[in-house]
1. Along Cα→Cβ, 7 Å out, is where each label goes; now give me the distance between the ones at residue 45 and residue 28 in nm to one decimal.
2. Based on the mean of other beta carbon atoms within 10 Å per residue, what is the order of 20-27, 46-53, most packed first?
3. Along the three principal axes, how long is the stretch 1-43 when you take its alpha carbons, biggest first, rounded to the nearest angstrom?
4. Expressed as an acute angle from 0 to 90° and rounded to the nearest 10, what is the orientation of the C-alpha long axis of helix 27-40 relative to the principal long axis of the chain?
5. Using only the Cα atoms of the chain, what are the Rg and Dmax in Å?
6. For the pair residue 38/residue 52, report the inter-label distance in nm, with labels modelled 7 Å from Cα in the Cβ direction.
């Protein structure tokens, strides 16, 4: 194994020590497990810039099935209409 130095906040260190005691293992083992999980995960950790790029790439691709283009402005009105339709459907079933 390779020895390395890692700086943790006091809170991180305290939590790791508590977990190590609970699981009857060492802080080092918990750190190794965390590194394993992080490096083996299928989803890479994305930078803030990449998250923004991905979010912006989908802006505007969704369309209302009825053709409404003012959903961000009149969302309350549309929700009220939907709820009224659902209530009417419930009343029809009674």
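Read the figures in this text as sums done on the coordinates, not as results from a lab. Model, not experiment: these values are computed from the prediction. All Cβ positions, glycine included, derive from the backbone under ideal geometry; neighbour counts span all protein chains shown.
1. Simple spin-label model gives 2.2 nm for this pair.
2. Working: 20-27: 12.0, 46-53: 9.8.
Ranked by mean Cβ neighbours within 10 Å, highest first: 20-27, 46-53.
3. If we take the Cα atoms of the stretch 1-43, the spans are 28, 22, 21 Å.
4. Approximately 50 degrees, to the nearest ten.
5. According to the Cα coordinates of the chain, Rg and Dmax are 25.4, 71 Å.
6. 2.3 nm
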